[in-house]
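One structure is given below, encoded as structure tokens.
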Amino acid sequence: MTDNEHETGQPERRTPPRVIGTPLSDPLTGSLPEPLPGAETAGDDHDGDPAVPRAVPQDERKARKAEKIAALCFMLTFAALVAFLVAYVRFQVGGLSATGASHIALGGALTLALLALASGIVIWVRQIMPKYEMVQQRHPMASSADVRAEIAATFVSGAAESGIVKRRLLRRTLLLAAAPLGLAPLVLLRDLDSTGAPVAQLHKRLAHTVWGEKAKEGKPLRLVVEGTGQPIRAADFNSPGGILSVVPEGYEHDLNVLAKATVILIKFRPEEFKPGTNLNWTHDGIVAYSKICTHVGCPAALYEQTTHHILCPCHQSTFDAADGAKVVFGPAARPLPQLPIGVDEQGYLIALGDFPTPVGPSYWERGDAEARVRENGGHS
Amino acid sequence: MSDLRAVPKRIAGPATFLDERLGAGSFVKRNMRKIFPDHWSFLLGEIALYSFVILLLTGTFLTFWFKPSMGEIVYNGPYAPLKGVTMSEAYASSLKISFEVRGGLLIRQIHHWAALVFIGGMMAHALRVFFTGAYRKPRELNWLIGVVILSIALFEGLTGYSLPDDLLSGAGLRVTQGVVIGLPVVGTYLNFFLFGGEYPGEDVISRFYSIHILLLPGLILALVTAHLILMWVQKHTQFPGKGRTNRNVVGAPFYPAFMAKSGAFFLFTFAVIAGLGTFAQINPIWLYGPYSPADVSAGSQPDFYMAFLEGALRIMPAWEINLFGTAEAGTIPLSVVIPALVPLGLIVVGMALYPFIERWITGDNREHHLADRPRNNPHRTSIGMAVIAFYGVLWLFGGNDLISANFQVDLYTTTWAGRILVFAAPALAYAITYRICLGLQRSDAAVLSHGVESGVIKRLPNGGYVEVHSPPAEDIEAHLRGREAIPVLADGGDVPPKGLRGPIGRLRLRMSKAYGGEKIPIANGHPHDGDEHPDMLPDGQNRALTR
Ligand code: HEM
Ligand code: FES
């Protein structure tokens with residue numbers, strides 16, 4: 001730090017040591033011929049103008065008082081940090097209230113310590129250090145024309161020396177070699193998809209749910225209550241306006257299945273149905289719709305009995321459950337797909353097949369699946 | 001106590017050691033006394049910087065216990081209501097951090113609060129830079145770096161929010177997935193590559209984890225470093241004022257004043273965030289329970305910085321198109337794609353391009369180191385306010401259900417109000433702001449031409465009353481006068497110059513004339529030269545009044 005003779009040899013090296021309160025000498029003074037474009041020059045008058053205050057010392061009596069206050073703050077920080085350590089040892093965590101006590105003690109002590117330390121330093125800066133109003137000159141960001149010209153010359157001669165311009169074969173094969181180099185890391189990401197399915201087939205998985213698969217013994221899947229896993233006897237689900245959240249039997253804890261196959265079951269009086277509902281797929285006034293919102297996939301979990309509206313809490317898409325769950329409001333563009341249901345010989349509700357259209361949010365390869373179903377006379 | 005006369009040995013020794021190896025002396029010599037101007041609004045960026053430091057520290061602490069796994073286990077910890085519940089290891093370990101690690105809950109909450117302060121601080125900082133024109137040459141690159149950091153930070157927050165794998169974070173993740181899969185052409189692939197299969201799969205938490213703790217923080221750290229280096233090299237802007245010009249910096253030196261003040265401000269930021277983390281509960285994940293795609297907690301809300309996307313999703317009409325009818329391709333869910341991409345894209349791209357568009361319109365290629373007062377560039381300020389209004393409406397309608405519940409308006413009306421406001425509010429904000437700016441310019445001009453109201457009322461010979469005006473203080477006057485007209489492209493008379501021909505050139509010229517110029521000229525005269533502005537005071541009274 002003592003060495004003042006640098007190879008750069010800029011003029012400011014020879015300036016005498018600076019005294020506090022004087023403006024900084026600038027390393028670039030005079031090295032740039034052209035003036036700063038658009039800069040006003042009037043302000044330069046202030047440079048070296050003794051009328052502009054630079055570092056005004058504080059009043060010593062006030063500073064001494066401030067020192068005491070700052071010291072008090074630092075002591076407070078010390079005390080708070082000791083309290084922090086004590087609290088760490090004394091308060092054990094575990095249940096809600098024990099954790100709460102430890103949390104408040106640790107956090108309170110930490111907050112106090114930081115706050116006091118910050119205040120002490122602020123008092124130090126504001127009331128003990130001098131008030132500074134120092135001036136430093138700016139200079140244009142651009143390098144001088146000479147420097148740029150020299151760089152340009154060096155660049156050109158370097159390029160020529162390397163032969164990259166003249167030797168076309170070298171250049172072209174190099175470019176050729178580099179192209180696949182950029183591709184390699186992208187290819188390596190292919191296995192991010194761990195299904196192993198061919199890329200073009202990926203979307204086919206989105207169109208189906210487990211409801212289309214037969215249960216192990218070849219029997220159709222039963223509908224069971226989400227959470228309890230209870231199968232549902234159609235005769236017991238008999239109060240109109242009733243609603244249940246339902247999942248496929250055997251998959252109660254498989255989140256990947258639940259994300260597509262969760263269903264809401266609603267009991268209607270037969271006369272309440274409107275034409276949008278496929279009555280062949282209901283059983284005794286019980287209708288099943290996908291619970292996965294066709295907007296972006298939240299569970300459409302709310303049901304308003306009087307209006308028969310299914311409401312998705314995420315962005316308030318509203319579906320008319322009496323009318324094939326068609327959209328009556330909100331950003332969802334398509335009805336919730338209806339699941340064909342019936343009963344097995346013991347009277348439990350079962351799925352008769354998969355949803356006719358893909359459930360959940362739309363995707364590029366989905367196409368107008370509803371129209372497809374209509375064309376095929378109600379089958380997907 | 002005696003003062004220091006020479007560098008103490010303990011410091012001189014290591015310093016010499018380092019300088020002999022690094023030759024850093026000349027750098028230190030030039031920079032120890034680097035001048036930093038002072039203004040409260042310059043602290044906004046510091047708030048963001050310090051909360052990022054806090055995020056790095058607290059986040060690292062969290063990684064010591066957090067298990068980024070979607071593997072299922074049965075909870076057997078001390079939190080009684082969830083005993084015996086099947087949940088992911090990620091959720092269980094977040095519960096462990098909250099209930100079994102001393103200070104764990106504190107650090108988790110500090111981390112979450114710091115994330116909010118980080119992003120909020122960056123937004124406020126970006127607004128300061130925008131409204132004062134501090135993005136102008138030579139600082140366009142630093143502005144771009146800032147825009148990139150802000151965008152990355154949104155994704156950093158999104159990935160972090162998803163890690164604990166509670167019911168609330170899962171709802172957010174589900175929405176993210178619904179957006180990803182809806183993207184035209186690539187959506188399905190992205191979905192399978194991100195989730196390792198269909199939603200939710202088994203991989204997303206661990207992937208988000210490496211993105212959240214390594215990839216994005218590393219990027220942000222690198223960009224923040226570049227941001228600070230550029231700020232250091234280009235020096236801070238300053239507001240116009242006495243002795244402050246485009247060619248100098250006036251303020252306090254880095255060593256010791258700015259250093260100590262920044263240290264204090266870091267501690268103060270930390271104290272506030274620690275206080276919030278202690279006393280203001282945030283994200284009590286134990287109340288939500290483990291994630292299941294079949295359940296949702298009513299009234300779920302994302303963190304504030306995501307709410308504008310949420311609002312856009314909510315007020316969007318239900319549009320979806322199938323380009324090829326029933327063919328298995330060509331579905332574009334506009335009701336997802338537009339709200340997810342358009343507002344964010346407009347704001348980010350608009351921010352990124354603004355400095356260049358402004359330069360193109362004004363033809364202003366000079367360096368600017370004096371911060372504009374927002375009123376002095378009314379169109380820019382109005383554009384900024386319009387963007388705030390746009391963002392604000394979307395943000396507000398991220399809670400459209402809460403709005404309609406609170407004000408007893410049905411959702412249908414509320415949502416329609418949002419659809420209209422998202423266009424009307426920016427236009428209104430633009431018009432109002434423009435008026436206000438001109439009004440403020442006028443009052444500046446009035447102060448300069450006939451002084452400030454002194455509060456002294458004088459009775460006139462004719463019986464009327466009038467307030468005595470006194471000249472503004474020197475520093476205030478310098479502050480007000482430190483403005484220059486916004487450059488306008490010269491139209492070159494009959495033959496327009498090359499860049500201004502053709503329809504685009506003519507548009508450019510028109511915009512330049514509208515954007516630039518001096519809307520309310522300020523008088524050159526000094527307040528004491530009363531006779532220049534006889535119109536400002538009752539007939540013939542001004543001279544007598546201001547003397
Ligand atoms: C740079 C900006 C960052 C933002 C905006 C951010 C944001 C978040 C948010 C919102 C959460 C959820 C917190 C909660 O549980 O309530 C979170 C969790 C987490 N973050 Fe960050 N974070 C950032 C940086 C980091 C860094 C640098 C690390 C590690 C080196 C980290 C590690 C973690 C971990 C391990 C969790 C999960 C802990 C848990 O929820 O129990 N974060 N982050
Ligand atoms: S996910 Fe149901 S409305 Fe958006």
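Per-residue Cβ counts within 10 Å, from other chains only, averaged over A:303-314: what number is that?
For peptide A:303-314, the averaged partner shielding equals 2.
What does the charge add up to near B:E518, with Lys and Arg as +1, Asp and Glu as -1, over the other residues with Cβ less than 10 Å from its Cβ?
So the environment of B:E518 carries a net charge of +1.
Determine the shape class of region A:204-375: with a ≥ b ≥ c the square roots of the Cα gyration tensor eigenvalues, call it rounded for a/c under 1.5, and otherwise prolate if a/b is greater than b/c, oblate otherwise. If you can, show how the numbers build up before the last one.
Working: a/c = 1.44, a/b = 1.12, b/c = 1.28.
Note, shape of region A:204-375 comes out rounded.
At a 10 angstrom cut-off on C-beta neighbours, averaged per residue, how do the peptides B:126-132, B:281-287 rank from highest to lowest?
B:126-132, B:281-287
Please work out whether region B:413-525 counts as rounded, prolate or oblate from its C-alpha gyration tensor, where a ≥ b ≥ c are the square roots of the eigenvalues and a/c under 1.5 means rounded, while otherwise a/b larger than b/c means prolate and anything else oblate?
Here region B:413-525 falls in the oblate category.
Taking just the alpha carbons, could you work out the radius of gyration and Dmax for the protein assembly as shown, both in angstroms?
When restricted to Cα atoms, the protein assembly as shown yields Rg and Dmax of 34.1, 110 Å.
Step by step: find N for chain B, compute 2.2 N^0.38 Å, then divide the Cα radius of gyration by it. What's the final number?
Working it through for chain B, the quotient is 1.19.
Averaged over B:314-324, how many beta carbons belonging to a partner chain fall within 10 Å of each residue's beta carbon?
5
Report the extension gain between B:F324 and B:K9 in nm, rounded to one decimal, defined as 0.36 nm multiplied by the number of residues separating them, less their alpha carbon distance.
Length gained, B:F324 through B:K9: 105.3 nm.
Please list, by residue number, every one of the trypsin sites (Lys or Arg not before Pro) in region B:54-105 that is coil in DSSP and has at most 15 other beta-carbon atoms within 10 Å. Present the calculation step by step, with values, prior to reporting the outcome.
On the way: sites: B:K83, B:K96, B:R102; in loops: B:K83, B:R102.
In loop regions of region B:54-105 (DSSP not H, G, I, E or B), the sparsely surrounded trypsin sites (Lys or Arg not before Pro) are B:K83.
Order A:125-136, A:313-324, B:483-494, B:388-399 from most to least packed using the mean count of other Cβ atoms within 10 Å.
A:313-324, B:388-399, A:125-136, B:483-494
Within 10 Å of each Cβ in peptide B:108-117, how many partner chain Cβ atoms are there on average? Round it to a whole number, please. List each step's numbers first, then the result.
Details: counts 1, 2, 3, 0, 0, 0, 0, 0, 0, 0.
Mean inter-chain Cβ contacts per residue within 10 Å come to 1.
Please say if region B:117-206 is rounded, prolate or oblate, where rounded means a/c under 1.5 for a ≥ b ≥ c the square roots of the C-alpha gyration tensor eigenvalues, and otherwise the choice is prolate for a/b larger than b/c and oblate otherwise?
Verdict is prolate for region B:117-206.
When the convex hull of the Cα atoms of region B:306-444 is projected onto a plane and the area is averaged over all directions, what value comes out in nm²?
If you wrap the Cα atoms of region B:306-444 in a convex hull and average its projections, you get 12.4 nm².
State which helices in chain B qualify, where a helix is a whole DSSP H run, it must extend 20 Å or more along its own axis by its Cα atoms, and its mean Kyte-Doolittle hydropathy must be at least -0.5.
Span-like helices in chain B: B:43-63, B:104-131, B:140-162, B:167-182, B:216-234, B:259-279, B:334-362, B:378-397, B:411-450.
Here, each number is a calculation from the coordinates, and none is a lab measurement. If you're wondering where the values come from, they're calculated on a predicted model, not measured in any experiment. In this analysis, Cβ positions are derived from the backbone assuming ideal geometry, glycine residues included, and neighbour counts consider all displayed protein chains.
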